[in-house]
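Asks: Starting off with a structure, shown below.
The values are calculated or read from the model by the stated rules, or taken from the named source; none is laboratory data. Not measured: the values here are computed from a predicted model. Don't worry about glycine lacking a Cβ; one is built from the backbone with ideal geometry, like all the others, and counts go over all protein chains shown.
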4 protein chains.
Amino acid sequence: MFDGVEYESEKRDRFIFSHQSKFQMKVLLYANRLTPRNEPFFFEVLDSLKKIHAEIGVYKDIKDHFSERNEKQIEDLEVIYDYYQLKENPYQFLLSLGGDGTILNSTLLVRDIDIPILGINLGTLGYLSSVEKNKIKEAIESLSKGAFSIDERTMLQFNSTPVLFREENFALNDFSIHKRDNSSMITVHTYINGEFLNTYWADGLIVSTQTGSTGYSLSCGGPIVAVGCKNFIITPVAPHNLNVRPVVLSEDVSLTFKVEGRGDKFLCTLDSRHALITSEHELAIRKADFKIKLIDLEKMSYFKTLRNKLMWGEDLRNKLRQ
Amino acid sequence: MFDGVEYESEKRDRFIFSHQSKFQMKVLLYANRLTPRNEPFFFEVLDSLKKIHAEIGVYKDIKDHFSERNEKQIEDLEVIYDYYQLKENPYQFLLSLGGDGTILNSTLLVRDIDIPILGINLGTLGYLSSVEKNKIKEAIESLSKGAFSIDERTMLQFNSTPVLFREENFALNDFSIHKRDNSSMITVHTYINGEFLNTYWADGLIVSTQTGSTGYSLSCGGPIVAVGCKNFIITPVAPHNLNVRPVVLSEDVSLTFKVEGRGDKFLCTLDSRHALITSEHELAIRKADFKIKLIDLEKMSYFKTLRNKLMWGEDLRNKLRQ
Amino acid sequence: MFDGVEYESEKRDRFIFSHQSKFQMKVLLYANRLTPRNEPFFFEVLDSLKKIHAEIGVYKDIKDHFSERNEKQIEDLEVIYDYYQLKENPYQFLLSLGGDGTILNSTLLVRDIDIPILGINLGTLGYLSSVEKNKIKEAIESLSKGAFSIDERTMLQFNSTPVLFREENFALNDFSIHKRDNSSMITVHTYINGEFLNTYWADGLIVSTQTGSTGYSLSCGGPIVAVGCKNFIITPVAPHNLNVRPVVLSEDVSLTFKVEGRGDKFLCTLDSRHALITSEHELAIRKADFKIKLIDLEKMSYFKTLRNKLMWGEDLRNKLRQ
Amino acid sequence: MFDGVEYESEKRDRFIFSHQSKFQMKVLLYANRLTPRNEPFFFEVLDSLKKIHAEIGVYKDIKDHFSERNEKQIEDLEVIYDYYQLKENPYQFLLSLGGDGTILNSTLLVRDIDIPILGINLGTLGYLSSVEKNKIKEAIESLSKGAFSIDERTMLQFNSTPVLFREENFALNDFSIHKRDNSSMITVHTYINGEFLNTYWADGLIVSTQTGSTGYSLSCGGPIVAVGCKNFIITPVAPHNLNVRPVVLSEDVSLTFKVEGRGDKFLCTLDSRHALITSEHELAIRKADFKIKLIDLEKMSYFKTLRNKLMWGEDLRNKLRQ
């Protein structure tokens, strides 16, 4: 794709970048909310990239953040405003500076443009961000050497009549429908490949990707789906019928929904974005045609991240039962 | 309280009506939504009461229902419009015609007026309605003979600054706080008798009475609390931290809450009523000073009702594991 | 495989038998526990098969059942005693007379011999048995016409040092490890493809196939995995750490386990069989090299069976929350 | 009870010791498993008690531990061997050196002898042990000044025909029945005050006290019951029917059980002790006639302990949903 760099396919959706010759990296820096506390890490990234003579661009939110200061280090960098501009002017890597939420947002910019994303974690340990903020230099060095692998992650694609979320109709984590206006549960008629699955009577309903299985779905009793699995999960939120449990499906299915309820409006979400729907809306979910590529620098074990995030190693309660 | 009738206290909040002499019953009929399908049962109740020369009143919704028809059987009955009128003009019994939801609504009319409620179930089997619609005559006969017991049920009392729900600030089933505007969880700081309990980070939080334990709280993983227990339950809705589990408390505690979140408004419910709150509201829950008295005609076992409602007797899945 | 019959591949592991010419069916009848109540159905199956001039064999348990009676209808039928005899002398179909448990047992006879199994359900509705006992004639007619499809189901293969379960080292539903001798939890060190997954501290641990996801795993909080998904599920039984949740994996992984605990012996199960293990045992689970083929006559929807078995259509509790 | 010391009753089963004059404390030291790592703390306790001229006794396990060493500091101390000896020769306080499990064991020695127990925690933070090992001196000083309160905890009493657990037929945490020999679930017929509650079809069944609600019951989906609540909890272990959920009861009920299953023997536990039962056993549980008195030195908040033990304060997963 870029000179001197080639993907090699590997088991379970991983691709290895193998560095073959000298080349100039072109890197886009992405952030949504730089703060005084975060800024030093931004400049550390910038410095590290300049040292290796990388071509550098910044997302408009970063430009906006520094706009009143006439920050010289930013001045000459290319600014990327949206998907269309990026598509015409592609980068080799996107560095997301923030937490997992920032990575989610960056997918709206990247979409089907084939740019691998590296998460540099400026907050608490995330599932998706693989670089801690005290290892920025090492990370950029690894990047420049091609010493990393890539995890391809399935995205959900959402379609509806009438149209909602326009071109930003996909999600890396989950889609959900939820009651909104009052205490009444909603009724969600659900179909798989056109076949009736169930009528859910609940506070809401989640469709999660493998990636999203450790998020909202987990809070509602859904399972953890290991990386590499080709699955969606349908998880009801507070279902009235206690027998109604999360269902794991192939990610190749197409799902359709109709909602009913006492309220006029219901909430519909894609990752952290939301819209209002009515019982008139016809909603559909299927796998997007493209994947998001996450850079995994340290080959940090997926299960080790799980154990850390979920504190599986901790003795939560006393050992009476032992 | 009424001539010829006296309560006798019994274990676990039950009181027995013992009939001591002839007296004229005074009965208030309550319903919210009479339908063509339900009307025959209403008239059956009316006829049965007239036969035993009961004094009969109807709630305004019933009067309204028949208002355009000049229904003669209704014409001469006293109409009760609200709590204040009822307080001046008390009845011996209230007959709630509908489901458990109708009983919930009737508590807004009765409040602390000491009128026992008999639920005549016009829908599916309820937890609170003890008389099936094909046993109306027998039920009214039992009532007239004093052949019943009474379950006293604790009510939640809600207070807030600024004021919400005005005088209808109590609930038989549950109080809840819930996210509303977007996909973000809310943060609920919770105090017991002024002491910090926990900061919940979740879709919402439920405080349930013993009566409400088989409702919304159960859908969110709360336990069933048997009748007679003096407990409240705090049940989080889809909490982010998987260790955060339902907590059973004495019903003598006072609970206070402050809510934070990304949205401007949050949903706050008392049984099936709702209001919008902001992070400015200070919310408090404690046991109401009065109890609701439910008439139990058949001494139907609480646990038998549970087994039926929750289908504990059914073999849900195949017996592979046996 | 047999004259006049060919498989056609279809999506999601289904194969369609298409009937192409006249042929004589060769059918093995399998049952473990015929009872006076079940016998008439056995004879109905026998009669129906004789009418279409099928070649018929019976499993030894059936022969044993009738051994003292000199039942003439059985006398001349071939008797199949074990896997090795069956392998030399293959049948076209196996008819399992009983419930899902009987089908599980029949897989011990069939193993990797490529004989499709049709479950004739003599008890309550099963997940695996597709023919109700009042539709025996129609079922055999469909069979003879080739009017059915086949679901291929993944089996677990178990290996251990020292050896356990000898040649019957596989399971259609699940493998489990469980505490046995006292109230103490056990410690299960678990590895995926040699990489450390987690140390479970719990009553036990289940590894379930897609097929077994509606069994023991579901009782312990595991998800329902839809037919066609290529997944295993690891579900802890009563884990001490509340964050430890079921994990869905690709069925292509290999899993290894070491157990520790206060007791000397622990329980280890494959479907309904069990053995005792110690902390000296090294246990391993992976996908078996063969599939079990289940005949689906009526193309009964998987999700319809789920809804029926799990009573998703029922209103379990009152509709207060609506 | 002892000279110079009196209980004052307080809300929620708490009693305050108020020190009124000089008196000599009589303290029994209890431990089950002293280790080289724990010994220094034992001697620190001993020294602290000697300094205030307390009369000191040791439980036989401590004597045994030092038996081969002729440890001089132990030599002259009174040794308590069992309940009967202790009953004739009562102590003012029992100091339990170990974890919550050690406190559980100490209740077998104390039973209905009215000796308050102070847990000195030599392991990880317990629910019941209120003194950390680095605060031993301060703790003994508080004890000597009467600066503590007492939590009275309800005990379960177990009775059976034929007799099991002889005189040690009670539990501070929980009673359970469990399958043992094979993979089959057991059937537990359960009665409350002689009335049929339910037939549980499950791996097992737990009856927990308020104290035990954070133990085994919590692992099986039971609620946390706050200190001061007068409740038992019935929690099924891996029930087949997903509607069967934990039930909170008044602690004044009497419960009876009959067990059936494919195995010959089932496991029956009281705290960490166990026995084997058959389907012939009739089992009964009720509240014991005595309470266990736990000393709470620091008036450490019950809810603070909960939050620490259950890590409610931790952000377990990323904040994507926020």
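Asks: Name the single residue that is farthest from D:TYR83 (Cα to Cα) among those in segment D:128-172 being of a type in the set (Ser, Thr, Tyr) and touching a Leu at 6+ places or on another chain (Cβ under 8 Å).
Replies: Applying the filter and picking the extreme gives D:SER142.
Asks: Here are B:VAL45, B:VAL27: which of them is in a helix (DSSP H, G or I) and crowded, with 18+ Cβ neighbours inside 10 Å?
Replies: Result of the check over B:VAL45, B:VAL27: B:VAL45.
Asks: Tell me the residue from A:SER176, A:SER183, A:SER213 that is within 14 Å of chain B (Cβ to nearest Cβ), at pLDDT 95 or above and not in a strand (DSSP E or B), please.
Replies: A:SER213
Asks: Pick from D:LEU122, D:LEU128: which is within 14 Å of chain A (Cβ to nearest Cβ), under 28 Å from D:HIS53 (Cβ atoms) and in contact with a helix residue (DSSP H, G or I) (Cβ under 6 Å, 6 or more places away or on another chain)?
Replies: Residue meeting the stated conditions: D:LEU122.
Asks: Quick one: C:ILE295 ticks every box in (1) surrounded by fewer than 21 Cβ atoms within 10 Å (Cβ to Cβ); (2) more than 18 Å from C:SER208 (Cα to Cα) bar one, so which box is it?
Replies: (1)
Asks: Another question about this same structure. Give me a count of the residues in segment D:264-278 that are more than 20 Å from the chain's Cα centre (by Cα) and either more than 10 Å from chain C (Cβ to nearest Cβ) or without any contact (Cβ under 8 Å) to a residue 60 or more places away in the chain (or both).
Replies: Going through segment D:264-278 one residue at a time, the tally reaches 5.
Asks: Okay, next question. Of everything in segment B:192-206 that's at the interface with chain D (Cβ under 10 Å from one of its Cβ atoms) and more than 27 Å from the chain's Cα centre (by Cα), which residue is farthest from D:TRP312 (Cα to Cα)?
Replies: B:GLU195
Asks: Please work out which one of (1) touching a residue at least 40 places away in the same chain (Cβ under 8 Å); (2) surrounded by fewer than 21 Cβ atoms within 10 Å (Cβ to Cβ); (3) touching a strand residue (DSSP E or B) at 6+ places or on another chain (Cβ under 7 Å); (4) not in a strand (DSSP E or B) is the condition A:ASP252 fails and give its number.
Replies: Single failed check for A:ASP252: (1).
Asks: Tell me which of these B:THR107 doesn't satisfy, since it passes every other one: (1) under 26 Å from B:ARG273 (Cα atoms); (2) among the polar types (S, T, N, Q); (3) out of contact with any helix residue (DSSP H, G or I) (no Cβ under 9 Å at 6 or more places or on another chain); (4) free of Cβ contacts under 8 Å to residues at least 24 places away in the same chain.
Replies: Exception for B:THR107: condition (4).
Asks: Which is within 19 Å of the chain's Cα centre (by Cα) and free of Cβ contacts under 8 Å to residues at least 40 places away in the same chain, of D:ASP82, D:ASP114, D:ASP64?
Replies: Just one listed residue meets the conditions, D:ASP82.
Asks: Within segment B:229-249, track down each residue that is assigned to a strand (DSSP E or B) and more than 8 Å from chain D (Cβ to nearest Cβ).
Replies: Matches in segment B:229-249: B:PHE232, B:ILE234, B:THR235, B:PRO236, B:VAL237.
Asks: Select from segment A:109-139 the residues that are of a type in the set (A, V, I, L, M, F, W, C) and modelled with pLDDT under 95 and list them in ascending order.
Replies: A:ILE120, A:LEU122, A:LEU125, A:LEU128, A:VAL131, A:ILE136, A:ALA139
Asks: Take B:CYS220 and decide whether it is hydrophobic (A, V, I, L, M, F, W, C), closer than 16 Å to A:VAL237 by Cβ, surrounded by 24 or more Cβ atoms within 10 Å (Cβ to Cβ) and within 13 Å of chain A (Cβ to nearest Cβ).
Replies: yes
Asks: Which ranges mark the helices (runs of 4 or more DSSP H) fully within segment C:70-162 that have 2 or more residues being of a type in the set (S, T, N, Q) and surrounded by 16 or more Cβ atoms within 10 Å (Cβ to Cβ)?
Replies: Counting at least 2 such residues, we get C:100-110, C:136-145.
Asks: So, of the residues in segment D:187-201 that are in contact (Cβ under 8 Å) with a residue 60 or more places away in the chain and more than 18 Å from D:PRO239 (Cα to Cα), which turns out to be surrounded by the fewest Cβ atoms within 10 Å (Cβ to Cβ)?
Replies: Across segment D:187-201, the extreme among qualifying residues is D:GLY194.
Asks: Look at B:VAL163 and say whether it is β-branched (Val, Ile, Thr), at pLDDT 90 or above and farther than 20 Å from B:THR235 by Cα.
Replies: Here the answer is yes, as B:VAL163 does meet what is asked.
Asks: Something else about it: Tally the residues that are among the small types (Gly, Ala, Ser) and modelled with pLDDT under 95, restricting the search to segment B:216-274.
Replies: The number of residues fulfilling the criteria is 4.
Asks: If I go through segment A:177-220 residue by residue, how many of them are touching a His at 6+ places or on another chain (Cβ under 8 Å), under 22 Å from B:ASN173 (Cβ atoms) and β-branched (Val, Ile, Thr)?
Replies: Within segment A:177-220, residues that are touching a His at 6+ places or on another chain (Cβ under 8 Å), under 22 Å from B:ASN173 (Cβ atoms) and β-branched (Val, Ile, Thr) number 1.
Asks: Find the residue count for segment C:131-180, including only residues that are closer than 15 Å to C:VAL45 by Cα, in contact (Cβ under 8 Å) with a residue 40 or more places away in the chain and among the polar types (S, T, N, Q).
Replies: Summing the residues that are closer than 15 Å to C:VAL45 by Cα, in contact (Cβ under 8 Å) with a residue 40 or more places away in the chain and among the polar types (S, T, N, Q) in segment C:131-180 gives 2.
Asks: Let me ask something additional. Please verify whether C:TYR30 is at pLDDT 55 or above and within 17 Å of C:LEU294 (Cβ to Cβ), treating the condition exactly as stated.
Replies: yes
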